[in-house]
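The values are calculated or read from the model by the stated rules, or taken from the named source; none is laboratory data. Keep in mind the model is a prediction, meaning the values are calculated, not measured. Glycine also receives a Cβ, built like all others from the backbone with ideal geometry; neighbour counts cover every protein chain displayed.
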Amino acid sequence: MSAPGRRHSLIVMLTWCSSCRDQEIVQYRIYPMRSDGLIYQVEARDDKGKAIMVDVTKLGWDASTAVELDHRRLKAPTIKLRSAIQGPNGDVVYCIDLRITRPNAEFLSTTKMHSFEHFLLAGFRKYLPENFISIGLMGCQTGFYLVLLNEGNAEVICRVYEQILRDILVAGAVPYASVEQCGNYRNHSLELAQTLARSILQSKDNWRQVV
Ligand SMILES: [Zn+2]
């Protein structure tokens, strides 16, 4: 915990309570942890001063990157915690960026993204059935948004992601690629998904180096 009176930046945001949908005020206090300003500790408190944020560093994330960053700085492929939002009963929703290509430099084709999304959907459902909420495409075609309930451990998420990518390499078909289960079922390619999985696995050691 931070010592009282320590110098910090304060950001006050109006947000939405996850259960009652009422508006609430959240104060984010950002404490510099290193003299060069590269590492921060972020705390969130409600308007009564009660701490409401998860300590993301304990989950293996670099707290200084668990915010919206200048996209010119982003490396890829990487895995980055975007946010950890705790509800009044203690449950936490984690939003994770699975960045696949460097923003404004390289873009995924719609077919490649589509098939890869189906594999991510099937994989996270299989390996984190209690925690998986959703996977969504980034509209800029450079990655995916992963949303999990009560699982924010960086090691666990990286391990599951790696397993899903390895499963893609040996898969015989794209999951859910039928007219009953998909809104554009002809737009799939197992080969493109496998090429993508192989290239992401090759840089596994650098997944956590976000900037
Ligand atoms: Zn589909």
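Applying the criterion of being within 16 Å of the ligand (Cβ to nearest atom) and of a type in the set (S, T, N, Q) to the residues of region 165-205, the residue that is farthest from the chain's Cα centre (by Cα) is Ser178.
Would you check if there is a residue in region 78-86 being part of a loop (DSSP other than H, G, I, E, B) and either under 13 Å from the mean Cα position of the chain (by Cα) or surrounded by fewer than 20 Cβ atoms within 10 Å (Cβ to Cβ) (or both)?
Initial filter on region 78-86 (part of a loop (DSSP other than H, G, I, E, B)): none.
Within region 78-86, not a single residue is part of a loop (DSSP other than H, G, I, E, B) and either under 13 Å from the mean Cα position of the chain (by Cα) or surrounded by fewer than 20 Cβ atoms within 10 Å (Cβ to Cβ) (or both).
Take the conditions (1) closer than 16 Å to Ser199 by Cβ; (2) touching a strand residue (DSSP E or B) at 6+ places or on another chain (Cβ under 8 Å); (3) of a type outside the set (Asp, Glu); Cys158 misses just one of them, which is (1). Cβ-Cβ distances below 7 Å connect the following pairs, each with a first residue in region 175-187 that is of a type in the set (Gly, Ala, Ser) and modelled with pLDDT of 95 or more, a second residue that is near the ligand (Cβ under 10 Å from one of its atoms) and in a loop (DSSP other than H, G, I, E, B), and a separation of six or more residues or different chains: Ala177/Tyr185; Ala177/His188; Ser178/Tyr185. Inspection of region 108-122 finds a residue satisfying the criterion of being crowded, with 18+ Cβ neighbours inside 10 Å, in contact (Cβ under 8 Å) with a residue 60 or more places away in the chain, within 18 Å of Leu192 (Cα to Cα) and small (Gly, Ala, Ser).
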